[in-house]
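Okay, structure first, notes after.
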Amino acid sequence: MTGKTHIMGGVASCTAVAYFYGYDPILMTASGTLGALIPDICHTKSKIGRRLPILSTLISSIFGHRTFTHSLLFLLLTAFAAHLYLTDQSILVGLMAGMASHLLLDAGTTNGIKLFFPSSIKFRLPLYIKTGGKAEQAVLAALTILSCYFIAGLMA
Ligand SMILES: [Zn+2]
């Protein structure tokens, strides 16, 4: 998926979790937006890859695209590291919800992800779309509507 779809995926997942579990929606959405972009550090042309070109080039050359940074292993290592340094639960949960939304969205694309890295098994959802196509526009619209729904619920 493209960066804007990942951002909206992070917003939708964080507003949903904040709505159902009572976390701070502002802190969650802020950290979730960042979390939704982190896995694409493996792609030098991604939003986060362009901001951190040296780190992105290094990770891309070692692991390639959609492997380590799109795996459960990376998710768990990030959760462990974040747990050590982040004391605010809303920020921590938001970061992880955003990252999880990224993996879910990319698993719904033609190329899928290496969810079980270092295993080379490719994971793809039964329903998948082409990145950047018209179907992604529909996914982006649906995520935007979901976000509005949960934001309205949080404001009520
Ligand atoms: Zn990705």
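What helices (runs of 4 or more DSSP H) lie completely within the range 40-85 and have 2 or more residues being away from the ligand (no atom under 11 Å from the Cβ) and over 19 Å from THR5 (Cβ atoms)? Outline the logic, then answer.
Details: elements: 47-51, 53-63, 72-85.
In the range 40-85, the matching helices (runs of 4 or more DSSP H) lie at 53-63, 72-85.
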Could you tell me how many of the residues in the range 17-39 are of a type outside the set (Asp, Glu) and not in a helix (DSSP H, G or I)? 2
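Just checking, does the range 113-136 include any residue being part of a helix (DSSP H, G or I), open to solvent by 40 Å² or more (accessible area, probe 1.4 Å) and either on the phi > 0 side of the Ramachandran plot or charged (D, E, K, R) (or both)? Spell out the reasoning first.
Start the filter on the range 113-136 by keeping residues that are part of a helix (DSSP H, G or I), which leaves 134-136.
Those still in the list that are open to solvent by 40 Å² or more (accessible area, probe 1.4 Å) too: 134-135.
Imposing the further condition that a residue be either on the phi > 0 side of the Ramachandran plot or charged (D, E, K, R) (or both) reduces the set to 134.
Yes.
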Kindly evaluate LEU154 against the criterion of being in contact with a Gly (Cβ under 8 Å, 6 or more places away or on another chain) and part of a helix (DSSP H, G or I). no
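Can you confirm whether LEU140 is assigned to a helix (DSSP H, G or I), open to solvent by 60 Å² or more (accessible area, probe 1.4 Å) and out of contact with any Phe, Trp or Tyr (no Cβ under 8 Å at 6 or more places or on another chain)?
Answer is no for this residue.
Among the residues of the range 71-81, are any more than 22 Å from VAL17 (Cβ to Cβ) and either at pLDDT 95 or above or open to solvent by 60 Å² or more (accessible area, probe 1.4 Å) (or both)? Even if it seems obvious, please write down each step before you answer.
The first filter runs over the range 71-81 and keeps only residues more than 22 Å from VAL17 (Cβ to Cβ), leaving 73.
Pick out the ones that are also either at pLDDT 95 or above or open to solvent by 60 Å² or more (accessible area, probe 1.4 Å) (or both) and you get 73.
Among the residues of the range 71-81, at least one is more than 22 Å from VAL17 (Cβ to Cβ) and either at pLDDT 95 or above or open to solvent by 60 Å² or more (accessible area, probe 1.4 Å) (or both), which makes the answer yes.
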Within the range 86-107, which residues are open to solvent by less than 20 Å² (accessible area, probe 1.4 Å) and within 11 Å of the ligand (Cβ to nearest atom)? MET99, SER101, HIS102, LEU103, ASP106, ALA107
Which of the residues spanning the range 28-51 are among the small types (Gly, Ala, Ser) and open to solvent by less than 40 Å² (accessible area, probe 1.4 Å)? SER31, GLY32, GLY35, ALA36, SER46, GLY49
Among the residues of the range 14-39, what is the count of those that are more than 16 Å from the chain's Cα centre (by Cα) and within 16 Å of the ligand (Cβ to nearest atom)? 0
Checking the conditions here, which among LEU72, LEU58, LEU104 is closer than 21 Å to LEU143 by Cα and not basic (Lys, Arg)? LEU104
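The values are calculated or read from the model by the stated rules, or taken from the named source; none is laboratory data. As the structure is a computational prediction, the values presented were derived from the model and not from experiment. Every residue, glycine as well, gets a Cβ built from its backbone with ideal geometry; the counts of neighbours run over all protein chains shown. Protein only, heavy atoms only, side chains kept; ligands, DNA and RNA dropped before computing areas. Shrake-Rupley method; radii C 1.70, N 1.55, O 1.52, S 1.80 Å.
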